[in-house]
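Here's the structure we're looking at; comments come further down.
Coordinate-derived values only; no laboratory data. Predicted model, so just to flag it, every value in this text is computed and none were measured. Heads up, the Cβs are rebuilt from the backbone with ideal geometry, glycines too, and the neighbour counts pull from every protein chain shown.
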Amino acid sequence: MKVLVTGGAGYIGSHLVDRLLADGHEVFVIDNLFTGKIANVEHNLGHERFHFVNDSILHTATMEELVRQVQLIYHLAAVVGVKHVVDNPLQGILTNVRGTEIVLELAYKYWRKVVIASSSEVYGKSEKAPLAEDDDSILGPTAVGRWSYALAKAIDEHLAFIYHDRGLPISIIRYFNSYGPRLDPRGYGSVVAKFISQALEGKPLTVFSDGQQTRCFTYVDDTVEGSILAATLKEGEGQSFNIGNNRETTILELARKIKELTDSPSEIVHLSYTEAYGSGFEETRRRVPDVSKAERLLGFRARITLEEGLQRTIAWFKGDYTANPPEV
Ligand SMILES: NC(=O)c1ccc[n+]([C@@H]2O[C@H](COP(=O)([O-])OP(=O)(O)OC[C@H]3O[C@@H](n4cnc5c(N)ncnc54)[C@H](O)[C@@H]3O)[C@@H](O)[C@H]2O)c1
């Protein structure tokens, strides 16, 4: 099959590309390298079934040329993560809303199936646990920039459902805290990457608040597997799915585990949200996916344990990282 991956030079996108090529597909990638890196796809550049376009999804003509050629679109390109969105608010909203509009408009024109990458952020600050796909989104005030990411992803989902009502095959995947090799070592948006970098550099591991807030960390192979199941199974059509591991981990426990697995002398220190993000920052204490729908309809279940996933991720960070230490 010919497949388009928008954001395919990014962290999740590049792993998805590797898997699609391994499964025998012809893969087209569009990525403007905002946070994506050529290093993530370099090993595929000479591959006869891999085609890379360095451009923005906001350029309709380029997108049309690509969408026309493929049968399936994985739409992952986005300004990702709360911190990037807070730092680039306009670019964030334009990319994450207008970009998805363009993808869906073209998919509708050429009748292509689309998988939309959404986020656990759409649940906002809901503290219900576990969170099921049809639970309420509880977002904070519009004057607080961090909620624009969740809102944009929610609009993307609404748009996808509207096109589905017109008959277009779509599927929506809500990723929960994916981690693995190729995470940005500066930890921009990923607490796993931040802690591993700090531990390997012997710097203090900075835990926000009391560290009792929890997240469910999902190894990237499971993230990719869930995406592929949602894209390929008929049962995935017209649905949204939580794609994540449902093991809940406190941030303090994560810091301790990474310190232990890296054998790091670093101490663990606590920072208030105000020290980290300035005043007015709002955080969610818990975010646990109910994965029963993904399990029932797609047969999805995260399989990689946190320990195993962290070991693989740390091994990658050690290889790449010592050769070229980033600024943390
Ligand atoms: N990593 C996670 O845990 C997580 C959680 C929830 C949702 N997501 C979603 O998964 C998708 C992939 O995220 P990721 O973690 O791999 O982040 P990432 O930043 O590595 O990937 C996003 C990619 O989109 C590209 N991009 C940004 N603007 C673009 C534009 N205008 N045109 C073309 N490309 C553009 C970036 O360069 C990057 O390669 C995103 O849609 C994100 O919102 C990720």
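Let's see if you can work this out: charge +1 on each Lys and Arg Cβ, -1 on each Asp and Glu Cβ, no other charges. What is the dipole magnitude of the range 122-199 about its Cα centre, in debye to the nearest 20?
Values: 9 positive and 9 negative charges, 92 e Å.
Magnitude of the dipole: close to 440 debye.
Extending each Cα 7 Å along its Cβ direction at Ala61 and Glu48, get the distance between those two points in nm, one decimal.
3.2
Stretched out fully, how many nm does the piece from Glu267 to Phe161 gain, at 0.36 nm a residue minus the Cα gap? Don't skip to the end; give the middle numbers.
Values: separation 106, 0.36 × 106 = 38.16 nm, distance 4.72 nm.
Using 0.36 nm per residue and subtracting the Cα-Cα distance, I get 33.4 nm.
Within straight cross-link reach of Lys83, meaning Cα distance under 27 Å, which lysines are found once same-chain residues fewer than 8 apart are removed?
Lys37, Lys125, Lys128, Lys153, Lys194, Lys203, Lys257, Lys259, Lys318
In whole angstrom, how long is each semi-axis of the equivalent ellipsoid of the range 1-140, when you take the square root of 5 times every eigenvalue of its Cα gyration tensor and sort them from largest down? Working shown, then result.
Working: eigenvalues 141, 54, 52 Å².
The three semi-axes for the range 1-140 are 27, 16, 16 Å.
Once you treat every alpha carbon in the range 236-298 as an equal point and sum by Debye, what is log10 I(q)/I(0) at q = 0.14, 0.16, 0.26 Å⁻¹?
Summing over Cα pairs of the range 236-298 leads to -0.69, -0.80, -1.09.
Could you work out Rg/(2.2 N^0.38 Å) for the range 6-83, with Rg from alpha carbons only? Numbers along the way, then the final one.
Details: Rg = 11.8 Å, N = 78, 2.2 N^0.38 = 11.5 Å.
In units of the globular-protein estimate, the range 6-83 measures up at 1.02.
Take the range 205-328, compute every pairwise Cα distance, and split them into 5 Å bins from 0; I just need the percent in each bin.
2, 10, 15, 17, 16, 16, 13, 8, 4, 1, 0
Quick check for me: using +1 on Lys/Arg Cβ and -1 on Asp/Glu Cβ, what's the dipole size of the range 197-328 about its Cα centre, in debye to the nearest 20? Show your work: numbers first, answer last.
Values: 16 positive and 21 negative charges, 64 e Å.
Taking the Cα centre of the range 197-328 as origin, the dipole is about 300 debye.
Can you report the principal axis dimensions of the chain using only the alpha carbons, biggest first, rounded to whole angstrom?
So the three principal-axis extents are 55, 44, 38 Å.
Which semi-axis lengths, in whole Å and largest first, follow from the square roots of five times the eigenvalues of the Cα gyration tensor of the range 120-241?
Here the semi-axes work out to 30, 19, 12 Å.
If eta is 0.692 mPa s and T is 37 °C, what Stokes-Einstein diffusion coefficient results for the range 164-207, Kirkwood Rh from Cα pairs, in µm²/s? Intermediate results must be reported in sequence, preceding the final value.
Values: Rh = 12.8 Å.
Approximately 257 µm²/s, per Stokes-Einstein.
So if I take the centroid of the Cα atoms in the range 171-200 and the same for the range 264-279, what is the distance between those two points in Å?
If we compute the Cα centre of each part, the gap is 17 Å.
Based solely on C-alpha atoms, express the radius of gyration and the Dmax of the range 176-272 in angstrom.
15.6, 50
Which aspartates and glutamates have a Cα lying under 16 Å from the Cα of Lys109, excluding residues fewer than 8 positions away in the same chain?
List returned: Glu64, Glu65, Glu101, Asp165.
Largest first, please: the extent of the C-alpha atoms of the range 77-188 along each principal axis, to the nearest Å.
39, 33, 30
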